[in-house]
Amino acid sequence: MRFTSMLIPTLRETPSEATAVSHKLMLRAGYVRQLAAGLYVYLPLGWRVLTKINGILREEMDAIGAQEVSMPVLQPSEPWELTGRWSDIKEEMFRLKDRGGRDMCLGMTHEEIMTWLAAREIHSYRQMPQIWYQIQTKLRDEARPKSGVLRTREFLMKDSYSFDISQEGLEKSYKLHADAYHRIFSRCGLRFWQVQSDTGMMGGAAAHEFMAPSPSGEDDIVLCPKCGYSANVEIAGSTPPAVQSENAPFEDVHTPEKRTVEEVSRFLKKKPGNFIKSILVMAESGPVLALVRGDQQLHEKKLQRITGPFRPAHKDEVRDTLGVEAGFIGPIGHKVRIIADPVLREGDYISGANRKDYHTQGVRAGAHFQAEWQDIHAAQAGDMCPECGSPVSMEKAIEIGNIFQLGTKYSAPLNAVFLDESGSERPIIMGSYGIGPARIAAAAIEQNHDKDGIIWPESIAPFDVEIIPVSMENREIVELADKLHSELSGMGLDVLVDDRDERAGVKFKDADLIGIPRHIVIGEKNLKDGFIELKDRRTRQSERLRPEKVLARSREK
RNA sequence: CGGGGCGUAGCGCAGUCUGGUAGCGCGCACGGUUCGGGACCGUGAAGUCGAAGGUUCAAAUCCUUUCGCCCCGACCA
């Protein structure tokens with residue numbers, strides 16, 4: 001491919017709206033353009049990368065016996081009504097009516113439609129297991145599209161669905177996917193972790209996410225370097241390090257105008273870990289008082305799994321419910337539901353005294369208050385691993401894939417049933433599995449770049465080699481570039497020749513930006529001696545070689 | 001949805017406070033010189049100043065409304 005016949009609009013300056021590294025580089029190097037918030041055009045280079053990623057996805061999905069299909073993006077409401085998601089999902093679903101006034105939506109995922117198909121076509125245990133997948137556009141009216149292609153309103157997703165006759169079968173399909181995902185992400189050149197994750201509204205028994213560490217990631221993951229425990233912070237267990245117990249007498253202390261743990265701890269010269277942080281929230285069932293240690297944070301997702309949806313209490317609600325203003329509330333003497341983090345079981349603490357300008361010290365669980373004990377704190381670096389007790393670390397990560405054991409959450413309401421060997425009717429046991437190709441591309445850039453641009457892993461680079469004829473005036477150079485171009489292409493390599501009539505510096509800068517892993521530089525001086533240069537984008541090391549040698553070496557690959 | 005920021009030429013920005021002929025750099029076009037890490041000189045094209053309404057002799061600038069984009073948070077099936 002010739003540079004001059006391809007649209008590669010590189011930018012010298014970074015458009016101001018970009019903050020994530022991958023976003024900046026994709027814009028500058030001419031891979032994508034933004035149409036509107038969360039809507040991106042993939043330019044030729046960008047599309048080539050996605051095509052390569054999708055190729056890997058197809059190979060690995062096919063290898064586990066999955067079959068590719070294609071489902072409509074435009075869907076009728078009925079299957080969604082049957083599973084309850086038509087009403088469970090709110091503004092995030094794009095909805096419309098057709099000319100007949102029928103409710104329709106744009107697919108944000110395809111459990112309903114895949115299950116609809118299974119309900120029609122799978123009748124017997126003899127037909128299973130099945131795995132169906134597609135690489136299809138999804139639409140979600142995201143509350144906040146962000147970070148370039150990392151969170152968009154329209155995006156490509158490889159989604160697959162397994163259909164089994166039993167939980168054991170599901171676990172097998174699940175394992176097949178997990179293994180395939182490891183191969184996929186490894187082949188794409190990513191550093192990644194498989195972590196335990198929340199099943200969310202997908203429901204079901206088990207779920208894992210595949211996470212590529214990156215500062216641009218939206219998720220926090222907890223990792224134990226010792227035993228390999230890894231989990232999304234949304235569900236990660238951890239034991240906060242023990243704090244020295246004060247053995248303080250049980251009594252109120254005057255703390256005028258000191259409300260937050262930080263203020264009171266500084267005022268009393270005690271560590272935040274010696275405090276109980278009391279947070280009142282309003283759940284649908286009523287007020288709930290959540291307690292965590294002062295140096296810990298309440299994790300709202302964890303609490304929500306226990307109480308259902310909630311919101312923080314307003315100031316007047318705190319007063320009405322607990323009889324004291326926010327800042328001085330504590331767990332003692334209330335009849336509201338109290339949920340406390342287990343770390344508070346032991347030791348004595350300082351909490352709000354339930355009267356203005358006072359805190360109580362020497363507060364002990366059991367003796368002074370009762371609570372439901374539930375893990376509701378957010379794990380933080382330095383906490384102890386729930387499996388082996390060593391300190392855990394935290395990383396920001398991009399969710400590049402997920403796998404869910406769904407069970408019968410979709411098959412039951414959509415009546416996707418089969419007859420088992422004994423002739424009795426049972427719901428199909430399902431799993432669902434997703435990968436975002438654009439996120440793979442973005443994560444690859446986040447993990448592989450330098451100050452000059454992208455450094456693509458070979459497997460997903462838009463081209464294998466870029467040939468850089470340093471001058472287009474020199475006939476010999478141009479002829480050799482053409483010759484290498486056609487011979488390397490003939491060997492099955494994807495080759496880009498920068499045949500622009502630009503100065504060498506411009507070509508070098510753009511080549512570094514675009515990030516093709518190998519560059520062949522053809523310059524006058526070297527060519528006079530019969531040499532060209534083969535340059536590695538990552539290491540920047542350059543070798544002087546005879547042109548034939550380059551061909552021979554490429555043939556080996 | 002809450003908080004913050006920004007909309008001026010393709011891109012990056014100045015001009016807005018204090019109203020008075022719309023600017024700079026890059027890019028683009030043409031001519032010339034140059035040619036191994038984003039060259040230089042000259043000439044030139046290109047802007048309903050996001051939109052609508054208002055105030056004013058006069059609005060990019062002041063007022064009102066509105067749309068869009070980005071960031072933080074909430075949300076993320």
Alpha-carbon centroids, the range A:316-380 and the range A:278-311: separation in whole Å: 12 Å
For A:LYS277, distant residues with modelled amide H under 5 Å away: A:VAL292, A:ARG293, A:GLY294
The range A:398-461 and the range A:212-265: distance between their alpha carbon centers, rounded to Å: 32 Å
Nonlocal amide H pairs with A:MET93, under 5 Å, H built at 1.01 Å: A:ASP141
Vicinal HN-Hα couplings computed from phi for the range A:239-246 (Karplus, 6.51 cos²θ - 1.76 cosθ + 1.60; Hz; Gly/Pro x): 10, x, x, 5, 10, 4, 6, 8
Assigned charges on the beta-carbon of Lys, Arg, Asp, Glu; chain A dipole about Cα centre (debye): 880 debye
Heavy-atom accessible surface of the range A:82-217: percent carbon and sulfur, 1.4 Å: 51 percent
Distance in nm between pseudo-label sites at A:ILE306 and A:SER285 (7 Å out along the Cβ direction from Cα): 1.1 nm
Cβ-defined net charge surrounding A:ILE53, 12 Å radius [Lys, Arg +1; Asp, Glu -1]: +4
Burial ranking of peptide ranges A:226-233, A:45-52 (average Cβ count within 10 Å, highest at the top): A:45-52, A:226-233
Fraction of antiparallel bridges per DSSP, the range A:251-373 only, in percent to nearest 5: 70 percent
Label point distance in nm, A:CYS227-A:LYS528, each placed 7 Å from Cα along Cα→Cβ: 6.8 nm
MRE, 222 nm, helices only [DSSP H, n ≥ 4, -39500 (n - 2.57), over chain A, to nearest 500]: -8000 deg cm²/dmol
Reciprocal mean inverse distance between Cα atoms of chain A - Kirkwood radius, Å: 27.3 Å
In order through the range A:286-292: 3J(HN,Hα) via Karplus (6.51 cos²θ - 1.76 cosθ + 1.60), integer Hz, x for Gly, Pro: x, x, 9, 9, 9, 10, 10
Equivalent ellipsoid semi-axes - Cα gyration tensor, the range A:463-556, angstrom: 17, 16, 13
For a label point 7 Å along the Cα-to-beta-carbon line of A:VAL41, residues of the range A:440-464 with backbone N under 20 Å: none
Under 13 Å, Cβ to Cβ, from A:GLU91 - net charge with Lys/Arg +1 and Asp/Glu -1: +1
Label-to-label distance, nm, for residues given as A:ALA178 and A:GLU548 (7 Å Cα→Cβ offset): 5.4 nm
Under the Karplus curve 6.51 cos²θ - 1.76 cosθ + 1.60, θ = phi - 60°, whole-Hz ³J(HN,Hα) for the range A:80-92, x wherever Gly or Pro sits: 5, 5, 5, 7, x, 7, 4, 9, 5, 7, 10, 5, 6
Selected from A:THR360, A:VAL318, A:TRP373, residue furthest toward positive end of dipole (the range A:251-373; charges at beta carbon): A:TRP373
Across A:LYS277/A:LYS315; A:LYS52/A:LYS507; A:LYS271/A:LYS302; A:LYS451/A:LYS549; A:LYS24/A:LYS507; A:LYS301/A:LYS396, pairs whose alpha-carbon gap is larger than 21 Å: A:LYS52/A:LYS507; A:LYS271/A:LYS302; A:LYS451/A:LYS549
Summed side-chain charge close to A:GLU218 - residues other than A:GLU218 whose Cβ falls under 11 Å, Lys, Arg +1, Asp, Glu -1: +2
Point-charge dipole on Cβ atoms (K/R +1, D/E -1) for the range A:265-383, about Cα centre, debye to 20: 260 debye
Farthest toward positive dipole pole in chain A [+1 Lys/Arg, -1 Asp/Glu at C-beta], among A:PHE404, A:LEU534, A:ALA178: A:LEU534
Per residue, in Å², the accessible surface of chain A once ligands and nucleic acids are set aside, probe 1.4 Å: 46 Å²
Ratio Rg/Rh, restricted to the range A:251-373 and using Cα atoms, in which Rh is the Kirkwood radius: 0.93
Amide hydrogen neighbours beyond the local backbone of A:HIS449, cut-off 5 Å, H modeled: A:ILE455
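The values are calculated or read from the model by the stated rules, or taken from the named source; none is laboratory data. Quantities reported herein were computed from a predicted structural model and do not represent experimental measurements. Glycine also receives a Cβ, built like all others from the backbone with ideal geometry; neighbour counts cover every protein chain displayed. Note: accessible area is taken over every heavy atom of the protein model, side chains too, but ligands, DNA and RNA are not part of it. Shrake-Rupley method; radii C 1.70, N 1.55, O 1.52, S 1.80 Å.
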